[in-house]
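Trainee: Starting off with a structure, shown below.
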Amino acid sequence: MATTGQGPLAGVRVVELAGIGPGPFAAMLLADLGADVVRVDRPGGAPLGIDPARDLTNRNKRSVLVDLKAEDGVRQVLDLVERADVLIEGNRPGVAERLGVGPDVCLDLNPRLVYGRMTGWGQEGPLAPRAGHDISYIALTGTLSMIGKADEPPTVPANLVGDYAGGSLYLVVGVLAALQHARTPGGAGQVVDAAIVDGAAHLATMIHGMMAAGAWQDRRGSNLLDGGCPFYGTYETSDGRYMAVGALEEPFYEEFAALLGIRDRAPDRNDPGRWEELRTVVAERFAERTRAEWTEVFEGTDACVAPVLSLREAPHHPHLAARATYVEHGGLTQPAPAPRFSATPVSVRTGPALPGADAESVAADWGVPGLWRKGATG
């Protein structure tokens with residue numbers, strides 16, 4: 001089978017209006033898949049003070065520097081929009097319109113454009129104009145209420161559940177669906193309103209179904225998949241590290257109990273009334289050995305037990321190393337692009353785009369009128 005080596009989105013042009021968090025990550029995913037992503041950076045310091053040379057969410061992209069408030073700034077962005085397939089912006093509702101690059105202006109100029117909007121609360125609704133962060137969005141949707149122990153405050157899952165799962169990934173799905181529609185006969189561009197609250201709520205669809213069926217209690221730490229179950233959770237080892245247990249199905253549990261050495265004294269796993277007793281037995285046994293020792297015990301089995309590795313440890317795990325799940329590029333170890341494609345493989349092609357560094361190559365490749373100078377603002 002022939003391969004292009006450029007990814008399945010090779011030839012797709014994306015304009016990203018610089019932001020932070022889920023918008024840049026969504027644009028990175030499109031870039032990883034082969035799209036030509038041009039990030040429109042603003043003059044000034046790096047967002048959140050991160051060194052641009054280490055901001056991995058800007059890998060595989062190119063950057064131009066434009067001050068939208070300067071004379072000719074809007075025209076420069078619209079010159080790109082006219083030649084683009086997709087635009088991504090993550091401003092509060094109404095900001096892009098006030099700057100002169102809102103969806104009405106852009107779609108009039110380029111009727112087949114997919115205009116992707118990334119916000120926390122969405123483009124409409126009582127909270128639409130309000131500030132917020134990942135924790136705010138997952139709190140309101142009930143998602144945060146499910147995470148953590150029953151007798152402790154909800155556990156904050158970094159900003160993975162809201163910003164990146166409920167936000168970035170849903171924006172990418174929406175953009176690709178809209179792009180497919182725009183490219184069909186009679187199709188047209190449109191606005192994709194990706195609100196983190198919508199995505200975070202949607203992620204819990206299965207849980208809502210289980211709750212409706214009486215198979216899920218609306219309180220954390222009380223269910224099969226939220227840590228309430230003693231054979232689906234984490235346990236501390238003698239060296240202060242942790243093992244993760246996911247032995248849900250009966251055959252997997254039997255192997256787990258045998259390897260852990262508790263099969264003859266463990267309470268019935270099918271009796272929720274004895275789950276706390278079973279949890280104590282499991283915890284006491286794990287506390288007798290180190291993480292490395294337990295890892296060796298469960299290695300190569302179907303007991304569904306794995307060591308809890310740190311971010312620095314993960315790239316060195318034999319399975320992840322064999323799959324090249326992490327790669328090194330430009331001296332930076334980072335997750336490799338995902339998923340994988342048999343005919344159009346993806347890769348980390350370039351390091352993080354430095355603000356304004358690619359003005360000349362973008363002007364030449366996209367046929368933009370005039371020639372921007374490196375670092376030019378207008």
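Trainee: Could you say which residue among Ala46, Ala10 is over 19 Å from Val192 (Cα atoms), surrounded by fewer than 19 Cβ atoms within 10 Å (Cβ to Cβ), at pLDDT 95 or above and among the small types (Gly, Ala, Ser)? Explain how you work it out, then say what you get.
Mentor: Values: Ala46 fails: at pLDDT 95 or above.
Result: Ala10 is the single residue among Ala46, Ala10 that is over 19 Å from Val192 (Cα atoms), surrounded by fewer than 19 Cβ atoms within 10 Å (Cβ to Cβ), at pLDDT 95 or above and among the small types (Gly, Ala, Ser).
Trainee: For a quick check of your reading of the model, give me the residue pairs whose first member lies in the range 182-204 and is in a loop (DSSP other than H, G, I, E, B), whose second is of a type in the set (Phe, Trp, Tyr) and at pLDDT 95 or above, with beta-carbon atoms closer than 7 Å and at least 6 apart or on different chains.
Mentor: From the range 182-204, the pairs are Gly189/Tyr115.
Trainee: Hey, another quick one. Residues that are not assigned by TED's automatic domain parsing to the domain that holds Pro251 and not acidic (Asp, Glu): list the helices (runs of 4 or more DSSP H) wholly contained in the range 273-368 that include at least 2 such residues. Break it down stepwise before answering.
Mentor: Details: elements: 275-286, 291-298, 318-323, 359-366.
Answer list for the range 273-368: 318-323, 359-366.
Trainee: Can you tell me which condition Gly233 does not meet? The list is (1) in a loop (DSSP other than H, G, I, E, B); (2) at pLDDT 95 or above; (3) within 27 Å of the chain's Cα centre (by Cα), and all the others hold.
Mentor: (1)
Trainee: Any residue in the range 247-265 that is within 17 Å of Arg279 (Cβ to Cβ) and β-branched (Val, Ile, Thr) sitting within a Cβ distance under 8 Å of a residue that is buried (at least 16 other Cβ atoms within 10 Å of the Cβ) and at pLDDT 95 or above? List the pairs, counting only those 6 or more apart or interchain.
Mentor: Here the result reads Ile262/Val281; Ile262/Val282; Ile262/Arg285, each pair linking the range 247-265 to a residue that is buried (at least 16 other Cβ atoms within 10 Å of the Cβ) and at pLDDT 95 or above.
Trainee: Can you tell me which residues in the range 71-99 are of a type in the set (A, V, I, L, M) and within 13 Å of Val191 (Cβ to Cβ)?
Mentor: At the first step, the residues of the range 71-99 found to be of a type in the set (A, V, I, L, M) are 74, 77-78, 80-81, 84, 86-88, 95-96, 99.
The answer is Val86, Leu87, Ile88, Ala96.
Trainee: Every residue in the range 251-272 that is part of a helix (DSSP H, G or I) and modelled with pLDDT of 95 or more, please.
Mentor: Quick first cut of the range 251-272, residues part of a helix (DSSP H, G or I) only: 251-260, 272.
Residues satisfying the conditions are Pro251, Phe252, Tyr253, Glu254, Glu255, Phe256, Ala257, Ala258, Leu259, Leu260.
Trainee: Which residue pairs have Cβ atoms under 9 Å apart, sit 6 or more places apart or on different chains, and have a first residue in the range 100-113 that is under 12 Å from Gln190 (Cβ atoms) and a second that is part of a helix (DSSP H, G or I) and among the small types (Gly, Ala, Ser)?
Mentor: Here the result reads Pro103/Ala96; Cys106/Ala96; Pro111/Ala182; Arg112/Ala182; Leu113/Ala182, each pair linking the range 100-113 to a residue that is part of a helix (DSSP H, G or I) and among the small types (Gly, Ala, Ser).
Trainee: In the range 296-335, which residues are under 21 Å from Ala266 (Cα atoms) and out of contact with any Cys (no Cβ under 9 Å at 6 or more places or on another chain)? I'd like the intermediate steps shown before the answer.
Mentor: Of the residues in the range 296-335, the ones under 21 Å from Ala266 (Cα atoms) are 297-298, 301-306.
Result: Val297, Thr301, Asp302, Ala303, Cys304, Val305, Ala306.
Trainee: Out of the residues in the range 283-339 that are surrounded by 12 or more Cβ atoms within 10 Å (Cβ to Cβ) and basic (Lys, Arg), which is nearest to Leu33 (Cα to Cα)?
Mentor: That would be Arg291.
Trainee: Might you check whether a residue that is touching a residue at least 40 places away in the same chain (Cβ under 8 Å), in a loop (DSSP other than H, G, I, E, B) and in contact with a strand residue (DSSP E or B) (Cβ under 6 Å, 6 or more places away or on another chain) occurs anywhere in the range 19-37?
Mentor: Yes, the range 19-37 contains at least one residue that is touching a residue at least 40 places away in the same chain (Cβ under 8 Å), in a loop (DSSP other than H, G, I, E, B) and in contact with a strand residue (DSSP E or B) (Cβ under 6 Å, 6 or more places away or on another chain).
Trainee: Considering only residues that are part of a loop (DSSP other than H, G, I, E, B) and either aliphatic (A, V, I, L, M) or touching a helix residue (DSSP H, G or I) at 6+ places or on another chain (Cβ under 6 Å) (or both), which ones fall in the range 137-161? First the steps, then the outcome.
Mentor: First pass over the range 137-161, keeping only residues part of a loop (DSSP other than H, G, I, E, B): 141-143, 147-159.
Of everything in the range 137-161, those that are part of a loop (DSSP other than H, G, I, E, B) and either aliphatic (A, V, I, L, M) or touching a helix residue (DSSP H, G or I) at 6+ places or on another chain (Cβ under 6 Å) (or both) turn out to be Thr141, Thr143, Ile147, Ala150, Pro154, Val156, Ala158, Asn159.
Okay, residues lined up against (1) more than 20 Å from Val175 (Cβ to Cβ); (2) surrounded by fewer than 14 Cβ atoms within 10 Å (Cβ to Cβ); (3) of a type in the set (Asp, Glu):
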{"site": "Leu65", "(1), (2), (3)": "yes, no, no"}
{"site": "Val81", "(1), (2), (3)": "no, no, no"}
{"site": "Asp85", "(1), (2), (3)": "no, no, yes"}
{"site": "Pro93", "(1), (2), (3)": "no, no, no"}
{"site": "Pro126", "(1), (2), (3)": "yes, yes, no"}
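Trainee: Name, by its number, the condition in (1) in contact (Cβ under 8 Å) with a residue 40 or more places away in the chain; (2) over 19 Å from Leu113 (Cα atoms); (3) touching a strand residue (DSSP E or B) at 6+ places or on another chain (Cβ under 7 Å) that does not hold for Tyr232.
Mentor: It is condition (1) that Tyr232 fails.
Trainee: Tally the residues that are touching a residue at least 12 places away in the same chain (Cβ under 8 Å) and assigned to a helix (DSSP H, G or I), restricting the search to the range 49-67.
Mentor: Pass one, the range 49-67, residues touching a residue at least 12 places away in the same chain (Cβ under 8 Å): 52-67.
Right, trim to assigned to a helix (DSSP H, G or I) and you get 52-54, 56-58.
Counting residues in the range 49-67 that are touching a residue at least 12 places away in the same chain (Cβ under 8 Å) and assigned to a helix (DSSP H, G or I) gives 6.
Trainee: Is one or more of the residues making up the range 313-326 of a type in the set (A, V, I, L, M), over 30 Å from Pro345 (Cα atoms) and in contact (Cβ under 8 Å) with a residue 12 or more places away in the chain? Outline the logic, then answer.
Mentor: Taking the range 313-326 and keeping what is of a type in the set (A, V, I, L, M), we get 314, 320-322, 324.
From the residues that got through so far, the ones that are over 30 Å from Pro345 (Cα atoms) too are none.
No, that holds for no residue.
Trainee: Looking for whichever is of a type in the set (S, T, N, Q), out of contact with any Gly (no Cβ under 6 Å at 6 or more places or on another chain), surrounded by 14 or more Cβ atoms within 10 Å (Cβ to Cβ) and under 21 Å from Leu30 (Cβ atoms) here; the options are Thr119, Thr141. Which one fits?
Mentor: Details: Thr141 fails: under 21 Å from Leu30 (Cβ atoms).
Going through Thr119, Thr141 in turn, the sole match is Thr119.
The values are calculated or read from the model by the stated rules, or taken from the named source; none is laboratory data. In this text, all values refer to a predicted model and were calculated from it rather than measured experimentally. In this analysis, Cβ positions are derived from the backbone assuming ideal geometry, glycine residues included, and neighbour counts consider all displayed protein chains.
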